[in-house]
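Q: Could you have a look at this structure, given as structure tokens, before my questions?
The values are calculated or read from the model by the stated rules, or taken from the named source; none is laboratory data. What you are looking at is a predicted structure, and each value in this text was computed from that prediction instead of being measured. As a convention, Cβ positions derive from the backbone with ideal geometry for all residues, glycine included, and neighbour counts pool all protein chains shown. SASA here: full protein model, heavy atoms, side chains in, ligands and nucleic acids out. Shrake-Rupley method; radii C 1.70, N 1.55, O 1.52, S 1.80 Å.
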Amino acid sequence: METNTITLKSIFLDFKEITKAGLAISVVFSSIVGYLLGFSDKYPFSLTALLLLAIGGYCMVGASNIFNQVIEKDLDAKMDRTKNRPVPSGRMSVNKALTLGFVLTFIGLVVLYFINPKTAMFGAISIFMYVSLYTPLKTLTPLSVFVGAFPGAIPFMLGWVAATGSFGIEAGTLFLIQFFWQFPHFWAIGWFLFEDYEKAGFFMLPTGKRDKKTAIQTILYTFWLIIASVLPAFGFTGRLQLSVVGAVIVFVLGCWMMYHAIQLYKNMDAKTAKRLMLVSVTYITLLQIVYVIDKFV
């Protein structure tokens, strides 16, 4: 009896790890926020649609991560951070991982299609770009982060599309916010994990080095992130609006993130980069919470 319990637990833990549960849940959170911002009298709230979005979103992100880990299994085995993942460690075979990936892709697309066809379409675009473009480019060019920012920016706007069935200036603005956010976030990760990434030959920093130019670009993209984040306060973004108070809070959050981006330029060390990464995660989470509260309050 004890053996079965351990086996079931190990299966669950491997599923959790190969789908990158923490990342997948944060992506689902972004989609849910987008949905809460999108629904209105014209597009009434639906708990069923919200649940389908959460399930479909998790399946799509999980599948993307599985395919990514299958493709990079030999490279993952070289890095301390990833060598104990289910596929490179040998706990899960490539065939089993691929089967799980295809099953989750199918379930995800079907579930998202039940919300509306456009939601499924953007979900499909996201998984295609992540697996077929971003993943192979990581060992070829620093532009992989730019390419990866496109599928990475879809979840926030996906919620709006799920709520309204349409893509407009509102969904585009949500896309823009998460698009710009990814550059300082992933460059910070690329900075403090530089040696580990180097073992696998991944190019994550814009110049390929931990230098002043990379730090300056991190500051510039943080600046554009702040601009995109307060844009809904100026009345250019349709139904997506932000009050003066909401805009001030978002701007202060942006200044907090900018401070840490500037600190990276000053200190040029892994510790500051890791702090910037943590701040960036907190920033995007708090921004989304502020947007939702601002809508209803």
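Q: From the list Y259, Y283, which residue is assigned to a helix (DSSP H, G or I), open to solvent by 80 Å² or more (accessible area, probe 1.4 Å) and of a type outside the set (K, R)?
A: Y259 is the lone residue from the list that is assigned to a helix (DSSP H, G or I), open to solvent by 80 Å² or more (accessible area, probe 1.4 Å) and of a type outside the set (K, R).
Q: Test S40 against the criterion of being out of contact with any Ser or Thr (no Cβ under 6 Å at 6 or more places or on another chain) and surrounded by fewer than 18 Cβ atoms within 10 Å (Cβ to Cβ), and give yes or no.
A: yes
Q: If you don't mind, there's one more thing I want to ask. Output the number of residues of the range 213-235 satisfying the condition of being closer than 19 Å to A153 by Cβ and of a type outside the set (S, T, N, Q).
A: 11
Q: Select, from L133, L140, the only residue that is in a helix (DSSP H, G or I), open to solvent by 40 Å² or more (accessible area, probe 1.4 Å) and within 29 Å of K73 (Cα to Cα).
A: L133
Q: Please pick out the residue among G238, G208, G246 that is in a loop (DSSP other than H, G, I, E, B) and farther than 29 Å from D80 by Cβ.
A: Of the residues listed, the single one that is in a loop (DSSP other than H, G, I, E, B) and farther than 29 Å from D80 by Cβ is G238.
Q: Among the residues in the range 72-91, are any modelled with pLDDT under 95, open to solvent by 50 Å² or more (accessible area, probe 1.4 Å), within 22 Å of H185 (Cα to Cα) and touching a helix residue (DSSP H, G or I) at 6+ places or on another chain (Cβ under 9 Å)?
A: Yes, some residue in the range 72-91 is modelled with pLDDT under 95, open to solvent by 50 Å² or more (accessible area, probe 1.4 Å), within 22 Å of H185 (Cα to Cα) and touching a helix residue (DSSP H, G or I) at 6+ places or on another chain (Cβ under 9 Å).
Q: Can you confirm whether the range 195-217 contains a residue that is of a type in the set (F, W, Y), open to solvent by 10 Å² or more (accessible area, probe 1.4 Å), more than 20 Å from F179 (Cβ to Cβ) and more than 18 Å from the chain's Cα centre (by Cα)?
A: For the range 195-217, residues of a type in the set (F, W, Y), open to solvent by 10 Å² or more (accessible area, probe 1.4 Å), more than 20 Å from F179 (Cβ to Cβ) and more than 18 Å from the chain's Cα centre (by Cα): present.
Q: Given L220, L278, L240, which one is at pLDDT 95 or above and closer than 17 Å to V33 by Cα?
A: Every option except L240 fails the conditions.
Q: What are the pairs with Cβ atoms under 8 angstrom where one residue, in the range 204-219, is without any contact (Cβ under 8 Å) to a residue 40 or more places away in the chain and the other, located anywhere, is open to solvent by less than 30 Å² (accessible area, probe 1.4 Å)? Sequence gap at least six, or different chains.
A: Between residues of the range 204-219 that are without any contact (Cβ under 8 Å) to a residue 40 or more places away in the chain and residues that are open to solvent by less than 30 Å² (accessible area, probe 1.4 Å), the close pairs are T214/W187; T214/W191; T214/L205; Q217/F183; Q217/W187.
Q: If you take the residues of the range 14-37 that are within 11 Å of the chain's Cα centre (by Cα) and of a type in the set (A, V, I, L, M, F, W, C), which of them is least open to solvent (accessible area, probe 1.4 Å)?
A: Across the range 14-37, the extreme among qualifying residues is A24.
Q: I'd like the full set of residues that are among the small types (G, A, S) and in a loop (DSSP other than H, G, I, E, B), limited to the range 152-171.
A: Result: G165, S166, G168.
Q: Looking only at the range 152-166, decide whether some residue is hydrophobic (A, V, I, L, M, F, W, C) and open to solvent by 30 Å² or more (accessible area, probe 1.4 Å).
A: Taking every residue of the range 152-166 in turn, none turns out to be hydrophobic (A, V, I, L, M, F, W, C) and open to solvent by 30 Å² or more (accessible area, probe 1.4 Å).
Q: Additional query: Which pairs turn up if I take residues in the range 27-55 that are more than 13 Å from G123 (Cβ to Cβ) and look for partners that are of a type in the set (D, E, K, R) and not in a loop (DSSP other than H, G, I, E, B) with beta carbon separation below 7 Å, at least 6 apart in sequence or on another chain?
A: Pairs that qualify, where the first residue is more than 13 Å from G123 (Cβ to Cβ) and the partner is of a type in the set (D, E, K, R) and not in a loop (DSSP other than H, G, I, E, B), are L37/K295.
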